1. Can you list the residues of segment 1-35 with backbone N under 20 Å from a point 7 Å past the Cα of A55, pointing along Cα to Cβ?
2. Rounded to a whole number, what % of the accessible area of the chain do carbon and sulfur atoms account for, probe 1.4 Å?
3. Which entry is the computed Cα extents along the principal axes in Å for this structure: [x] 28, 21, 18; [y] 72, 25, 12; [z] 42, 17, 16?
4. So what is the 222 nm mean residue ellipticity for the chain from helices alone, if each DSSP H run of at least 4 adds -39500 (n - 2.57) and you divide by all residues, rounding to the nearest 500 deg cm²/dmol?
5. Can you tell me how much longer the chain between D19 and A37 gets when fully stretched, taken as 0.36 nm per residue apart minus their C-alpha distance, in nm with one decimal?
6. By how many degrees, between 0 and 90 and to the nearest 10, does the Cα long axis of helix 23-37 differ from the longest principal axis of the chain?
Amino acid sequence: TKSPYGLRRTKELLNAALDAPGLRRQLALETGVQTMAFFTEDLAEGMTATMEKRAPDFKDR
């Protein structure tokens, strides 16, 4: 029931945070990931599923 894109990117960001040179750099990385997530089909599916009160069917797109 979780977006594959969201899970994968969250793990990548957590790993990047361990070696991040600073807070600003980490926040910039997170902003980029969130911006890209906004344009995924999975975001639209998640929002539609929520409005229709059903489980989402994520396609990792």
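1. Flagged as within label range: 1-8.
2. On the way: 3010 of 4940 Å².
Whole-percent figure for carbon plus sulfur exposure: 61.
3. The value computed from this structure is option [z].
4. On the way: 3 runs with 42 residues, N = 61.
After summing the helix terms and dividing by residue count, I get -22000 deg cm²/dmol.
5. Going from the current span to full extension adds 4.2 nm.
6. The angle comes out near 20 degrees.
The values are calculated or read from the model by the stated rules, or taken from the named source; none is laboratory data. All of these numbers come straight from a predicted model, not from anything done at the bench. When we count neighbours, we look across all protein chains shown, and the Cβ atoms used for this are built from the backbone with ideal geometry, even at glycine. These area figures cover heavy atoms from the full protein model, side chains too; ligands, DNA and RNA do not enter into them. Shrake-Rupley method; radii C 1.70, N 1.55, O 1.52, S 1.80 Å.
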